[in-house]
Amino acid sequence: NPPNEGGRDKLILAVGRFFVGTHNKKHDVMIKTFRELCEGGLRGWEFHLVGGLHHNKASKVYIEELRRIAHDLPIYFHTDAAPKVLASLQDRAQFFWHAAGYQEDPTLYPENFEHFGMSTVEAMARGIVPIVVRAGGQPEIVNDGENGFLWDDTTQLKARTLELIANPTRHAAMGKAARERACDFD
């Protein structure tokens, strides 16, 4: 991929451990959404998922299922990646996606939500525009429409991503605002 005018690649990043159980990062939701974008005409973009892999049978089955649903797409899994790998991806990515808590009930299962969202703040500090689920601690970090977007369903996730791809000026402004917002959590 040639980088865009801002020097970043056509790359979407998601960071979160690969495991089964509470607080699942909803990798499958994001992979299926990326598939829909590609089937809708998105070309030249990659989706990179970074996270630790729990070394138990259920988690290994889980990641194999994720790889199966991503099999023919430009999706890359970075399990137990070294910090320099994550840093390189953060320097190259344009968007940060996050879905933990999607379609969960906060009253019944509060443990299934991101309590704060350190990975979101770290991405924002690198100038990556977050497009994250409106759940858990994410709305406390992202000011919707200013330094990123919050979404309620995958239709919105797709629409917000495409909106910024089509508008590099707004994308650049939101990346700058994201970096400034991350300083509030320094």
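A few remarks follow.
- Note on the stretch 39-60: residues that are touching a residue at least 12 places away in the same chain (Cβ under 8 Å), under 27 Å from LYS84 (Cα atoms) and either in contact with a Leu (Cβ under 6 Å, 6 or more places away or on another chain) or not in a loop (DSSP other than H, G, I, E, B) (or both) amount to 8.
- Restricting the stretch 128-178 to residues that are among the small types (Gly, Ala, Ser) and outside any helix (DSSP H, G or I), the residue that is farthest from GLU36 (Cα to Cα) is GLY137.
- Candidate set from the stretch 133-150 (those that are of a type outside the set (Val, Ile, Thr), in contact with a strand residue (DSSP E or B) (Cβ under 6 Å, 6 or more places away or on another chain) and at pLDDT 95 or above); member that is surrounded by the fewest Cβ atoms within 10 Å (Cβ to Cβ): ASP144
- Only one of the listed residues (TYR76, TYR62) is over 21 Å from GLN156 (Cα atoms), at pLDDT 95 or above and not basic (Lys, Arg). That residue is TYR76.
- Within the stretch 106-126, residues that are in a loop (DSSP other than H, G, I, E, B) reach partners that are at pLDDT 95 or above and open to solvent by 30 Å² or more (accessible area, probe 1.4 Å) with beta carbons closer than 8 Å, at six or more positions or on different chains, in the pairs ARG126/ASP91; ARG126/ARG179.
The values are calculated or read from the model by the stated rules, or taken from the named source; none is laboratory data. As the structure is a prediction and not an experimental result, all values here were calculated from the model. Note: ideal-geometry Cβ built from the backbone for every residue, glycine included; neighbour counts use all protein chains shown. The area values use the complete protein model at the heavy-atom level, side chains included, leaving out ligands, DNA and RNA. Shrake-Rupley method; radii C 1.70, N 1.55, O 1.52, S 1.80 Å.
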